[in-house]
1. How would you rank 169-177, 277-285, highest first, on the average number of other Cβ atoms within 10 Å across their residues?
2. What full-extension length gain, to one decimal in nm, is calculated for residue 254 and residue 471 as 0.36 nm per residue of separation minus the Cα-Cα distance?
3. Quick one: length gained pulling residue 435 to residue 322 fully straight, 0.36 nm per residue minus the C-alpha distance?
4. Modelled label-to-label distance, residue 426 and residue 220, 7 Å Cα→beta-carbon offset: nm?
5. State the extension gain, in nm to one decimal, for the chain segment bounded by residue 406 and residue 20, taking 0.36 nm per residue of separation less the distance between their alpha-carbons.
6. For the pair residue 262 and residue 453, what calculated FRET efficiency results from E = 1/(1 + (r/R0)^6), where r is the Cβ-Cβ distance and R0 = 56 Å, to the nearest 0.05?
7. Given 4 °C and 1.567 mPa s, how large is the Stokes-Einstein diffusion coefficient of region 141-225 in µm²/s, with Rh as the Kirkwood radius over Cα pairs?
8. Can you order the peptides 290-303, 151-164 by their average number of other Cβ atoms within 10 Å per residue, highest first?
């Protein structure tokens, strides 16, 4: 037994010495790697064009042999200081084996991470200096601009991008929720200049970030914004020049609801205020008249081809119109619409039909001498007008009642106790049939009462008309 104890102690001492040596080697290698990283950064800052320095090769660390000592010996084995004044935490031998294996395998991964971080640093330095991205080939470019803050207006953002680009945009879309803008640029736009002009550009107390995208990624995000519309994959629609000869009056078509009339008026008055502006009842087109031809031309340039409102995805079309056509359109709104054809009456008959309290003018002879001024004839005319007015009032009343939605209390029944529960009686029950009959009776009673009131009104009006005829 004593010999076995001596052997165990000797083995423990050997494992302690090996562990101490391995820990010292690991610390020395880590210090060397930190020094190498600092040297690399300084060299790359001085000479970027020089080839990258390969990191020094690391020594392979052999894992310690498995300890075959008892639990008491294990505790004493790993309670060793790694340095002169630093004590390492107590660990199990399995954890030390895992750490040594991870150190062996992490050599290549750490090198890759260092290379990627160095590339990212170089790219960030290029961006700060204002250098644009490296672009090869010909064609078009897809750009994503981030950092816009609300409140936003598509017209302002589009004007900013066009001003910095200096060329017309093939596609433009703004996502107001995320503050992102997607732009399709032609090759002639010189994207490096646009990158220098817009990247890190301060707009509304925020810095914009410009990023070039691939065509697939651009189309995918464009579909998400436009809610998967079929028009996304189609080429950009080319709208020609406005039609007609320049004049003071213009016509704008292809409006899509919903929008307010005041919003359309503000749109037309952004460049110059029109003297006259009017839209049709459906809000599909509008006419506007300006003070001069130059003001009308400025309005056409501003509105023609604009996507307004934003949800419509339709481009407005502006065209010049003669002033006569515009005045005819305005006059159609000034005159009241006539639903019934006008009756042709003789002047004598029209003079005989008048409201009570008004006396005929001196130029017209009295009604007693006129052959058509008969009492029954005048009464029939008054009655027809009265019936027509009553019919219109009924129609208006029915429309109001039809528009008013029914409440829950009208559709269902409810309990008196709280929480109130709404319920409905089955149509086969007696109670349901009785309620239906009661409703029918109440409706019939209402109709009868209304008819009686109308008859009384007619009788009163007939009496008044007879009195007026007698007085005349």
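The numbers here are math on the coordinates, done by the rules we state, and not lab data. The shown structure was predicted, so the numbers you read here are calculated from the model rather than taken from an experiment. Cβ atoms come from the backbone with ideal geometry, glycine included; neighbour counts cover every protein chain shown.
1. The packing order, highest mean first, is 169-177, 277-285.
2. Details: separation 217, 0.36 × 217 = 78.12 nm, distance 6.15 nm.
Length gained between residue 254 and residue 471: 72.0 nm.
3. Numbers: separation 113, 0.36 × 113 = 40.68 nm, distance 6.51 nm.
My answer for the length gained is 34.2 nm.
4. 5.7 nm
5. Full-extension gain reported as 130.2 nm.
6. On the way: r = 43 Å, r/R0 = 0.77.
FRET efficiency, residue 453 to residue 262: 0.85.
7. Details: Rh = 12.8 Å.
Estimated diffusion coefficient is 101 µm²/s.
8. On the way: 290-303: 17.6, 151-164: 14.6.
Highest-to-lowest ranking by the protection proxy: 290-303, 151-164.
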